[in-house]
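Take a look at the structure set out below.
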Amino acid sequence: MDFELFEAEIQACGWKVLERPATPWPPERRQPCVVELRFPGSRFRACDAAREHLEALADRLLLDLTVQLVHLVERDPVRLPLWNVYRELPPLPPEVAVTRRGRARERLRRWPVLVLGTRDTGRQVRAPDAETALAEATGELAGTPPPPAGVAVRHATPSRPIREPDGRPRPTSRLLPLRYPVLLAMASGAATGHLPGGWNWLPTVLFLLAAVVGGTRHAPANRPGNRPGRWVGPDGTGLLTVSAAFGVCVGFSAPNGKGGFGAVVMALLLCFLVARGLWLLARQSAWGRTAPWLVPAALTAVPLLLAALGLPLQAIYLYCFGLDMEDVDVPAVTRVLASLKVLATSAVWLVAPAAVGYLRHAHVLIAHRWFGYYVMVSFSVVALFQGIVWLSVFPAFRAGVEARVAAEAGRTPAPYFGIESEWVCALPVKDPAQVPTDGGLLDPARPYLLLGDAGGRAALWDARERSALKVPLSVLRLVPVDDPLQPCG
């Protein structure tokens, strides 16, 4: 009975029982069995992972099981190289073929045949080598015309083993070797966009060419009909071009000064590592069944989340002037933009699940799953603090401090998420002693920094007294001034 339960759990996990114990299974003695386990992950600690999988299963089922022998076996099929059959070119005259011009002419004649496939017959062969492919290419196939005489084969794709759990090729298998050339193309594009004008961008072109060359697939050159290498094709070339263009855009938006471009390259590298960690986590998770209903349910809460997260940035900025969020009316569009910034900085939290993905890929979270929970919680706390506090809250506070320093020096602060300040002369329409103010006395001869208004009251900041005033708009006439250091006339 115990073995039937064990076998049912093995089949539920997608594994196989290769050798069963003798039936009936006596309960007083042990019986050996052989189980084949297939799971994604790296070869590192694969044997330990297989043993821990079985031991964890035995602990869950309360079985007396001992894993005596574990052996790593490669059972995945091998995808044979693909060969295209083409008609041979008529040979050149011997007196022409031996000359230098004749050899150059022969190379020009063979280039469209071997690269563009202009003389392909439409037959493809999968074979381990060129000799076997040529033998199969000249054979007859039922229902097709006989192959023409004088055919040869040219290499189409290299041989690569498929290391997937179910032995089926993945759509991303062709683009997987491009991960490092894509990263290099992004970095070179970022350097091109970040460097100043002139010919300073020329050295980065070498790195971009290195990325393109790194995206080639080399075929064996010692076989007849093969070329030394083959370009990645339209998909890889387009991916490298888009990556370089993205790097150029990032370089143009990078901060100038010391450490600016280095921060961009480190950000690109971090994004690459996080994306790969998330892919490894999704590869070993059962999210495919929950995503169709979980994602639409989560999207319904996005508007509420945007409205909640958009408030603190302007409030922190106004805090440096002694004002609150209720004192300045900020457009809803800029609140959404501030929310998007907070959400973008909070995306640093993705480092936590990416770290769990790397741990699962290395077969660490099998018997000691508590370690994964600890890593997830620790990385989440640190990443959220670093993302929201250091990348959103502190920059907003720094922008407010810089704006206050600029106002004290008589300069106009830069706009900040809908808060566009300007210097004005606040001229009352009646006796200044009868003007109701909140925060101090109004001096008509002194320029004030207008930060905005809300509820019919203007939010003014006095650079001399370093205090904020709230004055009703109905008793004021605001006149813009060009020089805040000069008194109002």
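Give the relative contact order (percent, whole number) for region 323-390; include only Cα pairs under 8 Å separated by 6+ residues.
About 42 percent, as a whole number.
List residues of region 396-427, by number, whose backbone nitrogen lies under 15 Å from a label position 7 Å along Cα→C-beta of R464.
Once the point is set 7 Å along Cα→Cβ of R464, 408-410, 424-427 turn out to lie under 15 Å by backbone N, inside region 396-427.
Please compute the per residue accessible area over region 354-408 with all protein chains in place, 1.4 Å probe, rounded to a whole number of Å².
Result: 57 Å² of accessible area for each residue.
Hey, if we sort I316, I388 by accessible area with the 1.4 Å probe, largest down, what's the order?
So, going from the largest accessible area down, we get I388, I316.
R45 versus L80, label points 7 Å from Cα toward the beta carbon: distance in nm?
For R45 paired with L80, the spin-label model returns 3.9 nm.
Which residue, Q434, V471, Q386, has the largest displacement toward the positive end of the dipole of region 361-471 when charges sit on each Cβ (Lys, Arg +1; Asp, Glu -1)?
Q386
Going by amide H atoms built from the backbone, whose H comes under 5 Å of the H on R446, apart from near neighbours?
Residues meeting the amide H criterion: C488.
Let me check something: with ligands and nucleic acids excluded, how do V328, V73, V98 order by accessible area (1.4 Å probe), largest to smallest?
Sorted by accessible area, descending: V98, V73, V328.
Can you figure out the FRET efficiency of L18 with V382, using R₀ = 60 Å and their beta-carbon distance, to the nearest 0.05?
The value I calculate is 0.85.
I need the calculated FRET efficiency for the pair K430 and V393, taking r as the beta carbon distance and R₀ as 35 Å, to the nearest 0.05.
According to the calculation, E is roughly 0.25.
By a straight-distance test (C-alpha under 16 Å), which aspartates and glutamates pair with K470 as possible cross-link partners, with residues fewer than eight away in the same chain excluded?
Hits, sequence-local ones excluded: D324, E326, D327, D329, E422, D438, D443, D453, D462.
Long-range amide H contacts for S467: which residues qualify at under 5 Å (H placed 1.01 Å from N, peptide plane, sequence gap of 5 or more or a different chain)?
Amide H to amide H, under 5 Å and 5 or more residues apart or across chains, S467 pairs with D462.
How much length would be gained if the chain were fully extended between V405 and T241, taking 0.36 nm per residue of separation minus their Cα-Cα distance, in nm to one decimal?
Gain in length upon complete extension: 54.6 nm.
Using a 1.4 Å probe, what is the accessible area per residue for region 107-154, in Å²?
Ligands and nucleic acids excluded, the result is 64 Å² per residue.
In what order, largest first, do F44, F394, F6 sit by accessible area if the probe radius is 1.4 Å?
F44, F394, F6
From Cα pairs below 8 angstrom and at least 6 apart in sequence, can you work out the relative contact order of region 348-489, rounded to a whole percent?
20 percent
The values are calculated or read from the model by the stated rules, or taken from the named source; none is laboratory data. These numbers were taken from a predicted model, which means no experiment stands behind them. Using ideal geometry, Cβ is built from the backbone for each residue, glycine included, and neighbour counts are taken over all protein chains shown. Please note that ligands, DNA and RNA were not included when accessible areas were found on the heavy atoms of the full protein model with its side chains. Shrake-Rupley method; radii C 1.70, N 1.55, O 1.52, S 1.80 Å.
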